[in-house]
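The values are calculated or read from the model by the stated rules, or taken from the named source; none is laboratory data. Please read these numbers as outputs of a predicted model, since none were measured by experiment. Reconstructed Cβ throughout: ideal geometry from the backbone, glycine too, with neighbour counts over all protein chains shown. Side chains are part of the model used for accessible areas, which takes the heavy atoms of the whole protein and leaves out ligands, DNA and RNA. Shrake-Rupley method; radii C 1.70, N 1.55, O 1.52, S 1.80 Å.
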Amino acid sequence: MNISVIGTGYVGLVTGTCLSNVGNKVTCLDIDHNKIDLLKNAKSPIYEPGLSSKIKSGIESKNLQFTSNAKKTIQSTDVIFIAVGTPSLNSGETDLSFVINAANTIAKNLNSNKIVVTKSTVPVGTTHMVKELINNYIKEKELNYIVDFISNPEFLKEGKAIKDFESPDRIILGYETKKALDVMKELYRPFNLHHDKIISMDIKSAELTKYAANA
């Protein structure tokens, strides 16, 4: 599968690297050129046991690449993960500016049907906000594309992130269409071999599940 991951922070980097190691073509996109240059040389900007060697393997297999070219990345991939930061504001609310920027970037570079996956930890309703932003752009520009939306929250612990991704306790998939759900099930098939770990539900329930687990 051709996949892109917007954001090369902790979640995005682990997600993109692990997906590339099972045969997917993954492009990790970030606006931080210094970070991209570092990653192109197989140097991880974060420390996580086993991550650097997996990045190197992904680059050597040509399944993993890093770029700041949003247009080329969005247009050449079918499944797009949003894995940007969602820091807390002084008010205690979540700063969704990076998520909004990612949604706008996707919308402006659409060239075919896509699946957009929210991987970042976000308040309930955020994926529907992303959906509204993208669909409003499609309508405004009179484009003929269909975008499906998935909520797929992460459950990665620092120091055990690779193991948590490759051998997850559960894989939460919030969906609206069975077609998109089936694509995601196939994408996660290598990590879902011994017993079915996929729990599917509606999008808002998936977002709430992440907050409940954190609590």
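Could you work out the Kirkwood radius for the stretch 88-215, taking every pair of different alpha carbons, averaging 1/r and inverting it, reported in Å? Walk me through the numbers on the way to the answer.
Values: mean 1/r = 0.0637 Å⁻¹.
One over the average 1/r among Cα pairs gives 15.7 Å for the stretch 88-215.
Considering only alpha-carbon pairs that sit under 8 angstrom and 6 or more positions apart, the relative contact order computed for the stretch 98-166 is 40 percent.
Determine the per residue accessible area of the stretch 48-188 with all protein chains present and a 1.4 angstrom probe, expressed in square angstrom.
Working: 6930 Å² over 141 residues.
Averaged over the residues of the stretch 48-188, the accessible area is 49 Å².
Phi angles across the stretch 123-138 convert, under the Karplus curve 6.51 cos²θ - 1.76 cosθ + 1.60 with θ = phi - 60°, into 3J(HN,Hα) values of x, 4, x, 5, 4, 5, 5, 4, 4, 5, 4, 5, 5, 5, 5, 4 Hz, Gly and Pro given as x.
A straight chain from Asp37 to Ile198 at 0.36 nm per residue would run longer than the Cα-Cα distance by 54.4 nm. Once each part is reduced to its C-alpha centroid, what is the distance from the stretch 138-215 to the stretch 96-112 in angstrom? Between the Cα centres of the stretch 138-215 and the stretch 96-112 lies a distance of 19 Å.
Which shape class applies to the stretch 75-142: rounded if a/c is under 1.5, otherwise prolate when a/b exceeds b/c and oblate if not, where a ≥ b ≥ c are the square roots of the Cα gyration tensor eigenvalues?
Details: a/c = 2.44, a/b = 1.79, b/c = 1.36.
Since a/c reaches 1.5 and a/b is larger than b/c, the shape of the stretch 75-142 is classed as prolate.
Keeping all protein chains in the complex and leaving out DNA, RNA and ligands, what accessible area do you get for His195 with a 1.4 Å probe, in Å² to the nearest 10? Answer for His195: close to 110 Å² accessible. Note on the chain: Cα Rg divided by 2.2 N^0.38 Å, N the number of residues, gives 0.95.
Residue ranking by accessible heavy-atom surface, 1.4 Å probe, largest first, among Met184, Met201, Met1 comes out as Met1, Met201, Met184.
Computed from phi, the 3J(HN,Hα) profile of the stretch 40-51 under the Karplus parametrisation 6.51, -1.76, 1.60 (θ = phi - 60°) reads 4, 9, 6, 10, 7, x, 10, 9, 8, x, x, 6 Hz, with x in place of Gly and Pro. Solvent-free Debye calculation, one equal scatterer per alpha-carbon of the stretch 167-215: log10 I(q)/I(0) at 0.29 Å⁻¹ equals -1.11. Calculate the FRET efficiency for Asp169 and Glu140 from the Cβ-Cβ distance with a Förster distance of 45 Å, rounded to the nearest 0.05. Efficiency for this residue pair is about 0.60. Straight-line reach from Lys204: which lysines fall under 21 Å, measuring Cα to Cα and dropping same-chain residues less than 8 apart? Within reach: Lys114, Lys119, Lys131, Lys178, Lys179, Lys185. Remark on Phe81: its backbone amide H falls under 5 Å from those of Ser4, Val5, Ile6, Val117, a criterion applied only to residues 5 or more positions apart or on other chains, H modelled at 1.01 Å from N.
Length available on full extension from Met129 to Ile100: 0.36 nm per residue minus the Cα-Cα distance, which gives 9.6 nm.
A simple rule links phi to the HN-Hα coupling: the Karplus curve 6.51 cos²θ - 1.76 cosθ + 1.60 with θ = phi - 60°, which for the stretch 86-98 gives 10, x, 8, 7, 4, 6, x, 6, 8, 7, 9, 4, 5 Hz, with x for Gly and Pro. Computed about the Cα centre, the dipole magnitude for the chain is approximately 500 debye when only Lys and Arg (+1) and Asp and Glu (-1) carry charge, each at its Cβ. Here's how it looks for Ile172: its modeled amide H is under 5 Å from those of Ile199, which are all 5 or more places away or on a different chain.
Scaled against 2.2 N^0.38 Å for its residue count N, the alpha carbon radius of gyration of the stretch 19-131 is 1.13.
Please work out how much length the chain gains when fully extended from Asn69 to Lys179, using 0.36 nm per residue of separation minus the C-alpha to C-alpha distance, in nm with one decimal. Don't jump to the answer; show the numbers that get you there.
Values: separation 110, 0.36 × 110 = 39.60 nm, distance 2.85 nm.
The span from Asn69 to Lys179 would gain 36.7 nm if fully extended.
Would you calculate, for the chain, the mean residue ellipticity at 222 nm contributed by helices, counting each DSSP H stretch of 4 or more residues as -39,500 (n - 2.57) and dividing by all residues, to the nearest 500? Each step should come with its number before you reach the end.
Numbers: 9 runs with 90 residues, N = 215.
Rounded to the nearest 500, the figure is -12500 deg cm²/dmol.
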